1. Which one of these does LEU111 not meet: (1) without any contact (Cβ under 8 Å) to a residue 60 or more places away in the chain; (2) buried (at least 18 other Cβ atoms within 10 Å of the Cβ); (3) within 30 Å of THR230 (Cβ to Cβ)?
2. What's the number of the condition GLY87 fails, among (1) open to solvent by less than 20 Å² (accessible area, probe 1.4 Å); (2) free of Cβ contacts under 8 Å to residues at least 40 places away in the same chain; (3) not aliphatic (A, V, I, L, M)?
3. For ILE227, which of the numbered conditions (1) open to solvent by 40 Å² or more (accessible area, probe 1.4 Å); (2) among the aliphatic types (A, V, I, L, M); (3) over 25 Å from ILE253 (Cα atoms) fails to hold?
4. Looking only at the stretch 184-202, count how many residues are outside any strand (DSSP E or B) and open to solvent by 20 Å² or more (accessible area, probe 1.4 Å).
5. Which one of these is open to solvent by 40 Å² or more (accessible area, probe 1.4 Å), modelled with pLDDT of 95 or more and over 12 Å from the mean Cα position of the chain (by Cα): GLU219, GLU177?
6. Which residues, taken from the stretch 144-178, are of a type in the set (D, E, K, R) and either touching a residue at least 60 places away in the same chain (Cβ under 8 Å) or assigned to a helix (DSSP H, G or I) (or both)?
7. Say we look at the stretch 243-293 and pick out the residues that are without any contact (Cβ under 8 Å) to a residue 12 or more places away in the chain and among the small types (Gly, Ala, Ser); which of these is least open to solvent (accessible area, probe 1.4 Å)?
Amino acid sequence: MTDLTPKVSIILPTYNRAYIIEKGINSLLNQTYQDFEIIIVDDGSTDNTEEIIKKLQEKDKRIKYIKLKTNKGAATARNIGIKAARGEYIAFQDSDDEWMHEKLEKQVKVLDTSSKEVVVYTGFWKLECNKKTYIPNKNISNKEGNIHKELLKVNLIGTPSILLYKQSLEKIGAFDENLPRLQDWDLSIRLSEFYEFILIDEPLFIAHILPDSISTNDEAHILAMNIILTKYHNEIYKDLKIRKAWSIKFNSIAKCYLDKNNDKKARQLYWTAIKLYPFWRGNYIDLAKDLLK
């Protein structure tokens, strides 16, 4: 390990997470694999995040800190981190995540021993409202190799689960800064057009979904879904299985809006679901129940 050329650069964007970020950073510093740098991109925090990071920097010089003047969003923050990265490999962490001690060691071993340029990802626990869910779902059949079609159907890879070559990110253009959510899904779809994926099928980190997380923003979710649908329109619409998967997604979101008594938005989403896959009667039944209530 050298200070000048770390093998791995870990990109960590953060925004007003002073109350939890130290825990996440310590889970990186406690890795069994130690040849890395941590690039923290502070996305315009107004709390005492900077104070906490600078205290940690005094203890470990591998921690780099970039402070943005204004909030730009997670995709922009990650892209700035990627440009600053010196490592051959890139990993990501969110400020509310915790890595298991052997996560990085196991992933680096896969990339080091692979005969070609691949993306390696791991399973993880998603912890939300005291509910623990393992991702990727056990029912997903195609999780390794060429998983492009599978990724067009379902978002089975979280950004903090991946380790990949920096040059792979440079080739595809890194994160789409126009997306308010689901940047991880879009990134995985684009990577899968060029690279095969290898899964370490065990939970190697915990993703805490907090009340102030962008992943709880329904409007941002729908906007991102429509952007991705437009980006991959031709591929999605030519495959009935993929279209059905998307139809079910919009149906599910419509139900959420019904629970919030927003019938107008729910009906719009039901019609989107029907347009995507008009052969599934579940959409018509659910829409009819809404219209007749």
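1. Every listed condition holds for LEU111 apart from (3).
2. So GLY87 meets the others, but not (2).
3. (3)
4. Residues of the stretch 184-202 outside any strand (DSSP E or B): 184-196.
When the remaining residues are screened for being open to solvent by 20 Å² or more (accessible area, probe 1.4 Å), the result is 184, 190, 193-196.
Residues in the stretch 184-202 being outside any strand (DSSP E or B) and open to solvent by 20 Å² or more (accessible area, probe 1.4 Å): 6 in total.
5. Values: GLU219 fails: modelled with pLDDT of 95 or more.
Going through GLU219, GLU177 in turn, just one is open to solvent by 40 Å² or more (accessible area, probe 1.4 Å), modelled with pLDDT of 95 or more and over 12 Å from the mean Cα position of the chain (by Cα): GLU177.
6. Filtering the stretch 144-178 for residues of a type in the set (D, E, K, R) gives 144, 149-150, 153, 166, 170-171, 176-177.
If the condition is that a residue be of a type in the set (D, E, K, R) and either touching a residue at least 60 places away in the same chain (Cβ under 8 Å) or assigned to a helix (DSSP H, G or I) (or both), then LYS149, GLU150, LYS153, LYS166, GLU170, LYS171, ASP176, GLU177 are the ones that fit.
7. Filtering the stretch 243-293 for residues that are without any contact (Cβ under 8 Å) to a residue 12 or more places away in the chain and among the small types (Gly, Ala, Ser), the one least open to solvent (accessible area, probe 1.4 Å) comes out as ALA288.
Residues are listed down the side, and each one gets a yes or a no for (1) open to solvent by less than 40 Å² (accessible area, probe 1.4 Å); (2) touching a His at 6+ places or on another chain (Cβ under 9 Å); (3) in contact (Cβ under 8 Å) with a residue 12 or more places away in the chain:
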position: ILE25; (1), (2), (3): yes, no, yes
position: LEU28; (1), (2), (3): yes, no, yes
position: GLN31; (1), (2), (3): yes, yes, yes
position: PHE36; (1), (2), (3): yes, no, yes
position: GLU58; (1), (2), (3): no, no, no
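The values are calculated or read from the model by the stated rules, or taken from the named source; none is laboratory data. This one's a predicted model, so the numbers in the text were calculated from it and none came from an experiment. Backbone-built Cβ (ideal geometry, glycine too); neighbour counts: all protein chains shown. Ligands, DNA and RNA are stripped out before the accessible areas are found, and what is left, the full protein with its side chains, is counted by its heavy atoms. Shrake-Rupley method; radii C 1.70, N 1.55, O 1.52, S 1.80 Å.
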